[in-house]
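One structure is given below, encoded as structure tokens.
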Amino acid sequence: MTHSNYSRSLAAAAVFLVVVLALSCALLPRGIALTAVSDISCALLMLSALLAFAGNGLATKGRTRLFWMLQVMGWSLWLSDQLVWIVFDLFFRMKMPAMYPADVLLFQAGAPMLAGLLLRPHLAPSERGGRLGMLDFLLLLFWWLYIYVFFVVCWQYVSPNQGNYDKSFDRLYDCGAIILIIVLAGFWRQTSGRWKKFYGGFALAVLFNAVAFAILNRALEKDLYFTGSWYDIPYTGSFAVFTLLGLAGRDLRPAQEAPRDSRYGSWVASLAMLAVLSLPVIAVSALLDHTIPPEVARFRILLTLGTMFAMAFLIFLKHHRLNQELKRANDVLEEASLTDPLTGIRNRRYFSAMIEADVSQSLRSYVDKHDARTRDLVFYLIDADNFKEINDNYGHDVGDRVLIEMSRRISSAIRHSDVLLRWGGEEFLIVSRYTDRREAEILASRVLTAVGGSPFVLRDPSETLCRTCSIGWAAFPWLTADPENVRYEEVLSLADSGLRRAKQAGKNRAVGILPGDKSPAPIAKDHPHPDRLDVEVLATSGPSLPAKP
């Protein structure tokens, strides 16, 4: 069945049930048949509204789905209350208790409905608000239940009093309906188009239902009501209106022109905190109210204390989650600060953060006489050859793609323990850790082959370009016999000198700078002068460029 056929069928069924109820109230005498028709029609209409709202939830996602599912939660509580009513009417065949035990379900049904509206589903969602708002919602829901137990249940079980029970329940229920209508009216003013019509229709449906329930409830309190009386017609008919409203909201989505809502978590959290702060005020009012029985005052104080502990636990969970969110956010920011945004590899800031630890590890390895194959640090400075031509001839977008591909190729040529960094512009730096300087030439050769061994794809597979790189490298410690004589900054400068020599020698090659035979003069720690060091040069040629396609 298509959605349109399903909607028409559900709407027709809702209208049909209202007609059947009206005819039954007019034609059937008071008795079990009339009671059955009235109770079952009401339950089926509540179920139809639930199905309409649930269908909307299944057809959406994100905050909008949560809005519909919270409405479904409210309708589930409402339907549960009606099912309890049916059990008393049809199975026990007894008069409903004056202080109906399932009234709490009817009262609590409004809480998730209001919470769903507070999500403001007409606005584009905030991911953080969605994650953190749930505990605030639980705090508000818990507070709403506390208010009911504080003002109503005490007159139901602690000190039974029919008049106080009826008065307290009616006031709270009316307050809930008024708050719901005010919120809907506010959203009606803020929105336009289909959302404006939906909120307006929702407000009218709530008003219609609240008035019909108030009339029915007053008749029940005055012992004028019986199941199947005319009071049931407008009350039950209001559920048909909700069904039609749910079907009309099927394709509602957050308004595209609305700004992304990042304030939800803060103002719902403020409401939750106000609810928590209201508890001691309410408890003090119970102490100062000398018109209530002592047992009611004690019950209310104990209830408030227990609720405060329970809500404090929820607040603890919320702050724990907030701390986790903050830690994740800091981790993301730190990761972003250490990562090059174009290529996704590490940057110079990461180098500054980690190099001292790597240098210390290398120096300790020499002091402790670790395995010679894992004691060295080797710095490889890599520069893309003739990169300016790519930007000039093909544009910076193509140049960026070449850099990304070049970083990928270099990454594929190094070990997991090595670190590749974007050094700046078209320059990269490899810090090869736990290695042997005698094998440094092998890694340089692998990088040359990885970069220049195959053409770079530019805009599409048919458009390629051959490019190479030049490398300069040097090992730390500079002198194995005196590891602390030359600082790593000087060794890095030597690698840069090797890169310049590779460029001057014709590019597409690696030049390693090694210590010479002469003993170097001591180098001042605050004035590095690598050129004063006696060096040897080890050159490695890159692969021959492939023929152009």
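The values are calculated or read from the model by the stated rules, or taken from the named source; none is laboratory data. Computed from a prediction, not measured in an experiment: that's the story for all the values here. Cβ atoms come from the backbone with ideal geometry, glycine included; neighbour counts cover every protein chain shown. Ligands, DNA and RNA are stripped out before the accessible areas are found, and what is left, the full protein with its side chains, is counted by its heavy atoms. Shrake-Rupley method; radii C 1.70, N 1.55, O 1.52, S 1.80 Å.
Could you tell me how many degrees, from 0 to 90 and to the nearest 10, lie between the Cα long axis of helix 162-190 and the main elongation axis, the longest principal axis, of the Cα atoms of the chain? Approximately 50 degrees, to the nearest 10. For LYS222, the aspartates and glutamates whose Cα comes closer than 17 Å to its Cα, not counting residues fewer than 8 places off in the same chain, are ASP166, ASP170, ASP232. Rg and Dmax over the alpha-carbon atoms of the chain stand at 38.0, 120 Å. Which net charge results for the neighbourhood of VAL158, defined as the other residues with beta-carbon distances under 15 angstrom from its beta-carbon, given Lys and Arg at +1 and Asp and Glu at -1? Spelling it out: positives minus negatives among the neighbours equals 0. Under 5 Å between amide hydrogens, built in the peptide plane, is the criterion, and for LEU377 it picks out PHE476 among residues at least 5 positions away or on other chains. To the nearest 10 degrees, how steeply does helix 348-367 sit against the main Cα axis of the chain, on a 0 to 90 scale? On a 0 to 90 degree scale, this one is about 60. Using θ = phi - 60° in the Karplus curve 6.51 cos²θ - 1.76 cosθ + 1.60, the 3J(HN,Hα) couplings for region 386-395 round to 6, 5, 4, 4, 5, 5, 5, 8, 10, x Hz; x is entered for Gly and Pro. Accessible surface for the chain, divided over its residues, is 49 Å² per residue with a 1.4 Å probe. For LYS327, a cut-off of 18 angstrom between C-alpha atoms picks up these aspartates and glutamates, skipping any fewer than 8 places away in its own chain: GLU127, GLU335. Calculated from the alpha-carbon coordinates, region 25-175 shows an Rg and a Dmax of 18.2, 58 Å respectively.
The mean of 1/r over all distinct Cα pairs in region 5-84, once inverted, gives the Kirkwood hydrodynamic radius of 13.8 Å. Globularity index of region 206-247 is 1.21 (Cα radius of gyration / 2.2 N^0.38 Å, N = number of residues). Summing Lys and Arg as +1 and Asp and Glu as -1 over all other residues whose Cβ lies under 11 Å from the Cβ of GLY57 gives a net charge of +3. In this structure the amide hydrogen of ARG467, modeled in the peptide plane, comes within under 5 Å of the amide hydrogens of PHE456, none closer than 5 places in sequence on its chain.
Taking 25 °C and 0.890 mPa s as conditions, region 286-361 diffuses translationally at an estimated 140 µm²/s according to Stokes-Einstein applied to its Kirkwood radius (Cα pairs). For the chain, carbon and sulfur atoms together expose 62% of the accessible surface, with a 1.4 angstrom probe and every protein chain in place.
The long axis of helix 193-221 is offset from the longest Cα principal axis of the chain by roughly 40 degrees. Taking 0.36 nm per residue of separation and subtracting the Cα-Cα distance, full extension of the segment from SER412 to VAL87 would add 109.9 nm.
Volume of the convex hull of region 417-486 (Cα atoms only), normalised per residue: 113 Å³.
When shorter helices are ignored and each DSSP H run of at least 4 residues is given -39500 (n - 2.57), the per-residue value for the chain at 222 nm works out to -21000 deg cm²/dmol. How much net charge surrounds LEU70 when only other residues with a Cβ under 15 Å from its Cβ are counted (Lys, Arg +1; Asp, Glu -1)? Once positives and negatives cancel, what remains is +3.
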